[in-house]
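Heads up, the thing below is written out as C-alpha cells.
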Amino acid sequence: MKKIFRFAVLLFIISLFAFMTACSDAEKADSAAAAVEPVQSTAAQKSFNVNGSGKVVGVASQHMGNAWNKNSVQAIKDILEPYGFTVNHQDGGGSTSTQVAAVETFITQKVDYIIVSGGEGGAFNSVSVQAKNAGIPVIGVDMFLDGGITGIMCDNWSGGVQMGIYAINKMKGQGKYILLDTSGWATLLWRGRGAESVLNSFSAIKKIGATREVPAVDPVTEGYEITKAALQADPDINAVLITWNMPAIGVYNALRELNKIDQVTIISADTGDDVISAMLEPEAGDWGFMGQNSYELGTLAAESVLTHASGGVVPFAQIGTTYFVTNDDYIKGDLKTVKIQTPEDHWKEVLEPVLGSLSDYMD
C-alpha cells in the first residue's frame, strides 16, 4: 500500500513539474511573440459594437514611399477589416492631383467613409466639403479639413520648436543654416516655423538664402542636390533643417560625399526606417529629428470611423504622440517634451510644493 501511495505521489510530482514547465514555455513563447509585435497606441485596445459588413472606407494617400504612409494605411486596415469593413486604398504616387481625384472617385462611388492619409491638407478642403454635402464623413490624417468630421495630427509646432532648440545647442548660438521644405503641407510649414521661431531669436544665427523647396516626387535626390549645391556655394554652413524624412536621406548622402558629416548637423522631421538606419551607421554625424507614430494616427482615424458608425461623438481635432529623437548623447537628456495633465495633476506637481494641497487652497 505504501508503495502504491509513494508511486502516486511521485506521479503527481512528475505531472506537476511537466505542467509548470509547459506553462513556463508558453509564457516564454507569449513573451517572445509580444516582443516582436508592433507598438500600437493604447486606443487600439478599444472595442466597438459595429458591423462593417458591406460598408466601404476609401483611403487616399499621397504616396507609399516611406514608413509613415505605409504604417498609417496598415493601421487603418488592421483596425477596420476585422469589423467587416472593406478598405479601398488608393495611392496617389506622389501627386496631389491624383490623390484629390481619388477622393472625388470615392464620392462618386458613394463609399461610406473617406480617410485622407497625409498630403497637402489645404488641397482637400473643397472635396471634403463636397463629401460632407454628399453625406460621406471625411477624416483627415496629418491635416485638418474644412468639411471633415475630425482631423488628426501631432503637435508639429512644438516638434518644430524642439528642432530649433536642438539646432541652437549644436550651433552654440551662432552659425549658418539652410531650411528644406515642401510647400503646401501645413504640418511641414508649422515645423519649419516652429524651428525658426527659436533660431530667429539669435542675432548670430544666419539663414542662407530662402527656404529650399523639395518636391514630393523623388525627394531623396532633390534633398541631395539642394544640399550639395548649397554647401559648394557656402562651405561654412553648420546645420541643415528638413521638415520631413525623405529629403533628409538626400541631405545625409550629400554630407557624406562632401566629407561634411562632422561639420554639419542634420535636424529633420518624421519617423522613418530610412532615417533611423542612417542615424545608426558608424559614420553618421550628430542628427536629431522630431518624430511621430503614424500607426497611432492611422489607428485614431480608424477608431473615428468606428465611433461614428456606433453613434458616438468624434472630436473635431485629435492629437497623437510627438517625439524628439537624437543619436547625440550630449544633448539627448536635456530636451523636454510637452506634458499633458489634468488641473489636479498639474497643481500637485507644480504648485503644491509652494502653495500646499489644492483642497486646502480651494477652502
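What follows is calculated from the coordinates using simple rules that are stated; it is not laboratory data. Model, not experiment: these values are computed from the prediction. As a convention, Cβ positions derive from the backbone with ideal geometry for all residues, glycine included, and neighbour counts pool all protein chains shown.
Here is how the numbers come out for the structure above:
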| read-out | value |
| --- | --- |
| D (Stokes-Einstein, µm²/s), Kirkwood Cα radius, the range 227-288, 1.567 mPa s at 4 °C | 113 |
| Peptides 318-324, 165-171 ordered by average Cβ neighbours within 10 Å, highest first | 165-171, 318-324 |
| Structure-derived Cα extents along the principal axes in Å: which label, when the choices are [x] 98, 60, 54; [y] 59, 49, 42; [z] 58, 45, 40 | [x] |
| Helical segments meeting 27 Å axial Cα length and Kyte-Doolittle 1.0 threshold in the chain (DSSP H) | 2-36 |
| Distant-in-sequence amide H partners of residue 318 (H built 1.01 Å from N, under 5 Å) | 151, 152, 153 |
| Taking 152, 261 and counting other C-beta atoms within 10 Å, the order from fewest to most | 261, 152 |
| For peptides 153-160, 217-224, 197-204, sequence by mean Cβ density within 10 Å, most packed first | 153-160, 217-224, 197-204 |
| 5 angstrom amide H check on residue 55, placed H, neighbours 5+ away | 86 |
| Alpha carbon centroid spacing (whole Å) that separates the range 108-176 from the range 252-331 | 15 |
| Lysines with Cα under 27 Å of residue 207, excluding same-chain neighbours fewer than 8 positions away | 170, 172, 176, 228, 260, 332, 336 |
| Sequence-distant lysines (8 or more away, or on other chains) whose Cα lies within less than 24 Å of residue 70 | 46, 55 |
| Pairwise label distance in nanometres, residue 81 with residue 284, each label 7 Å out on the Cα-Cβ vector | 3.1 |
| Extreme residue, positive dipole direction of the chain, given options 144, 338, 84 (C-beta unit charges) | 84 |
| The range 277-310: GluC sites (Glu not before Pro) falling in loop per DSSP and having at most 14 other Cβ within 10 Å | 283 |
| Listed peptides 327-336, 94-103, 66-75, 174-183 by packing density, highest first (mean Cβ within 10 Å) | 66-75, 174-183, 94-103, 327-336 |
